[in-house]
Amino acid sequence: MVRLFGPLVGLFFAVALLWSFGNGAYTAITEPAPVTAEHEFHLHPKELDLASNGAFGRFDKQQLQRGFQVYKEVCATCHSLKQIAFRDLKAIGYSDAEVKAIAKQWATKATTFNPVTGDRGERDNIASDRIPTVYYAGQGVPPDLSLMTKARHDGGAYVYSLLTGYQEQPAELLKKFPDSKTPDGLHYNPYFANLNLAMPAPITTDGQVTYSDGTKASVDQMSKDVSAFLVWTAEPKLDKRKQTGWAVLGFLLMATVLAYLAKKNVWADKH
Amino acid sequence: MSFPWANEYKPGNGLTQWLDEKLPLPRFVYNAVGAGYPVPRNLNYMWNFGVLAGFCLVLQIVTGVVLAMHYAANAGVAFDSVEHIMRDVNWGWMLRYAHANGASAFFVVVYLHIFRGFFYSSYKAPREMIWLLGVVIFLLMMATAFMGYVLPWGQMSFWGAKVITGLFGAIPLIGVPIQEWLLGGFAPDNAALNRFFSLHFLLPFVIAGVIILHIWALHIPGSSNPTGVEVKTKSDTVPFHPYYTAKDGFGLGVFLLIYCAVLFFGPNALGHPDNYIPANPLSTPAHIVPEWYFWPFYAILRAFTSDFFFIPAKLMGVLAMFSAILVWFFLPWLDTSPVRSGHYRPLFRKFFYLLVIDILVLGYCGGAPAAEPFVMISQLASMYYFLHFLVILPLVSSIEKPEPLPFSITEAVLGKDESAVLNANPAAA
């Protein structure tokens, strides 16, 4: 039975596939899929050399603090960072007192609700609070940035490329794809998946942020620093992970060598 | 059943003797994976993957049970509870990465185990039942892995669930009601997430049960081996312990080295970035792709782009995708060659390697966007897939002239087997 029906079933699927293939090939020849502006002008992220890159890389805490400052002074106007609590900032080198001060001075206040009176109000943030959610009324929906660098391919480099990639729409693009002109209120950026995004260039001028460690706050530097910071927010345990990894691999390597020698010993008389 | 020369369990002291009389569990283990199980002496490293698959299941259950203590199966908080595990639970990041990559490792190991079965025809009589149970395990694994991927409630979780449950909607007449019944709604939401979590917790224990049957069925004829020649005499076998426990120990070490390298240095390499975006029913990802281990079957699903007579393309795709695995159930009766091992089957061997390449091509196309030329390539590759199992394999079996087999396993290992010359009666050896 199997040998009778088997080949018939096989031929059934094969013929159906051939039919699909033929139709597909015919369409591909008669109506080739149109080339889109995204397809031709979208760019992959630039190289970004961060201290945390690679199997031996470790976070540069000084850079993370600068990146946090850029986030606080530039990005936080529109973007939330809801997975991060103020207390987490201790991991990038702030002291308890500094964390408390940062929380207290944070521009967006924590919301309160009094269950007795039903009153809603505000209070200063404390160290155990998450960085408060920002509500944005303008065009577009600014995404939460906590996991941004893990939610995009090559995330750190992507953020850096996006921040430094704003430009005029190329004339070549307009000539070839007249319908793809950047709509009003959007901004052209070849590193963004569909080339146009609602966010205007956020980091535009050197010295937009004044770094306390004396680093020159060029547009490029600020973009790098905030990208490094967002790599940390997406994976605060990155250093710990790599450190553990080397210990684990070291142990396993020794155990595997021992297991190999044991195997050789056991099998010595059987080959 | 075991071979007459199998070592017998002898309790070493009063306690084990007492235990052996009341509940002979040590005897059971001794006969199952101890010195009481004689195994062909010539098993190569392709025979390590059964034990490794068992290890992966234990790993998944242990990490999964602990993760379930911290995870919240509610569409409102599931995503954040996973981030809570990553950030605030002690070693939570390691547990989660171990579990997510453990699923991939499990599939790598099981695919190698299955392809070992293809090459050495491990499915042939008298081992058909082992093979059938193995295919059942694989189907259960696929269901478990799919539901597990939904739990973080990211974009790919949501849209993967939508696409896969949508497949049931392709069934004529009753499809859409079935789909709604499975989801507990019109689209994946809290009801679906909760039942997926419940089933994701249950199914691994069902898998463990079927694995017990798989090993039980294995112990009746005993393990196959690379020559495909059955065990004849004691000199053809070695006791499982210490010979294969030692060999599996080394295999486990190599496996763990590779697994941990991925876990600690590239834990997101096999995942999709979109799953770090919270599920959003209003925003469809540009390319919805499942995890890599489903890619070959996903390519077959998507290969059917035109209606075939009165059968809609989507239904054809669903039928083909399920048939692609169901066909494995019939393998013992499709491959009729009396020779098991691919080593002695020159024509079969060529088609076997072609199948490996074909499935790799399907895998690549399944992960690629649904655009040309990938669709056309996957159509040709799917065609070969079905023809291989249903037409080529029976044909090759009947026309191929196999190469001569060794007299025995001992001869295959040592180059000579004294019992072949001296004694034709295997029982006396």
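Read the figures in this text as sums done on the coordinates, not as results from a lab. Given the structure is predicted, the values throughout are model-derived calculations rather than measurements. Positions of Cβ are backbone-derived with ideal geometry, glycine not excepted, and every protein chain shown enters the neighbour counts.
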TODO: Give me the angle, in degrees from 0 to 90, between the Cα long axis of helix B:92-119 and the longest principal axis of the Cα atoms of chain B, rounded to the nearest 10.
DONE: 50 degrees
Task: In order through the range B:325-335: 3J(HN,Hα) via Karplus (6.51 cos²θ - 1.76 cosθ + 1.60), integer Hz, x for Gly, Pro - done: 8, 4, 4, 5, 4, 9, 3, x, 9, 8, 9
TODO: Could you pull out the trypsin sites (Lys or Arg not before Pro) across the range A:54-139 that fall in loop regions by DSSP (anything but H, G, I, E, B) with no more than 15 other Cβ atoms inside 10 Å?
DONE: A:Arg58, A:Lys109
Task: the range B:24-74-the range A:171-212 distance, computed between alpha-carbon centres (Å) - done: 55 Å
Task: Under Karplus coefficients 6.51, -1.76 and 1.60, residue-wise ³J(HN,Hα) of the range B:268-277 in Hz, glycine/proline x - done: 9, 4, 8, x, 9, x, 4, 6, 8, 9
Task: Dipole magnitude of the protein assembly as shown about its Cα centre (Cβ charges: Lys, Arg +1; Asp, Glu -1), debye to nearest 20 - done: 1400 debye
Open item on the list: Using Cβ contacts closer than 10 Å as the measure, can you line up A:Asp179, B:Asp248 from fewest to most?
Closed with: A:Asp179, B:Asp248
Task: Other-chain or far-sequence residues with amide H under 5 Å of A:Tyr136's (modelled H) - done: none
Open item on the list: Using a 10 Å cut-off around each Cβ of peptide B:298-310, what is the average number of partner chain Cβ atoms that fall inside?
Closed with: 3
TODO: Would you mind pulling out the separation of the Cα centroids of the range A:236-266 and the range B:248-314, in Å?
DONE: 28 Å
Task: Amide H contacts under 5 Å for B:Val39, placed H, 5+ residues apart - done: B:Val238, B:Phe240
Open item on the list: Within 10 Å, at most 15 other Cβ atoms, and a DSSP state outside H, G, I, E, B define an exposed site. Report the longest part of chain A free of exposed chymotrypsin sites (Phe, Trp or Tyr not before Pro).
Closed with: A:137-271
Task: Along each principal axis, Cα extent of the protein assembly as shown, largest first, Å - done: 93, 73, 51
Open item on the list: Skipping prolines and chain starts, which residues have an amide H placed within reach, meaning under 5 Å, of the one on A:Asp206, given they are 5 or more residues away or on another chain?
Closed with: A:Val219
Open item on the list: To the nearest 20 Debye, how big is the dipole of the range B:309-429 about its Cα centre, given +1 on the beta carbon of each Lys and Arg and -1 on that of each Asp and Glu?
Closed with: 180 debye
Task: Per DSSP, loop trypsin sites (Lys or Arg not before Pro) in the range A:147-191 with at most 14 further Cβ within 10 Å - done: A:Lys181
Open item on the list: I need to check one value: relative contact order of chain B, counting alpha carbon pairs closer than 8 Å and at least 6 residues apart, in percent.
Closed with: 21 percent
TODO: Would you mind ranking A:Met222, B:Met376 so that the residue whose beta carbon has the fewest other beta carbons within 10 Å leads the list?
DONE: B:Met376, A:Met222
Task: Magnitude of the charge dipole, chain B, Cβ model with Lys/Arg +1 and Asp/Glu -1, debye to 20 - done: 520 debye
TODO: Using label points projected 7 Å from each Cα along Cα→Cβ, tell me how many nm separate B:Phe28 and A:Phe251, to one decimal.
DONE: 3.1 nm
Task: chain B: angle of helix B:78-87 to the longest principal axis, Cα-based, in degrees nearest 10 - done: 60 degrees
Task: Interatomic Cα distance distribution for the range B:37-428, bins of 20 angstrom, percent - done: 24, 54, 20, 2
TODO: Choose one answer from B:Ala324, B:Ala371, B:Ala105: the residue with the largest mean-square fluctuation in a GNM of chain B with alpha-carbon springs under 10 Å.
DONE: B:Ala371
Open item on the list: Based only on other Cβ atoms within 10 Å, what is the fewest-to-most ordering of B:Met94, A:Met1?
Closed with: A:Met1, B:Met94
Open item on the list: Please report the spacing between the Cα centers of the range B:115-139 and the range B:372-386 in Å, no decimals.
Closed with: 26 Å
Open item on the list: Can you pull out the chymotrypsin sites (Phe, Trp or Tyr not before Pro) in the range B:28-126 whose DSSP state is coil and whose Cβ has at most 15 other Cβ atoms within 10 Å?
Closed with: B:Trp91
TODO: Specify which residue in the list B:Ile288, B:Tyr353, B:Tyr243 is farthest towards the positive end of the charge dipole of the range B:37-428, using unit charges on the beta carbon of Lys, Arg (+1) and Asp, Glu (-1), about the Cα centre.
DONE: B:Tyr243
Task: Cα convex hull of the range B:118-222, projected area averaged across orientations, nm² - done: 8.4 nm²
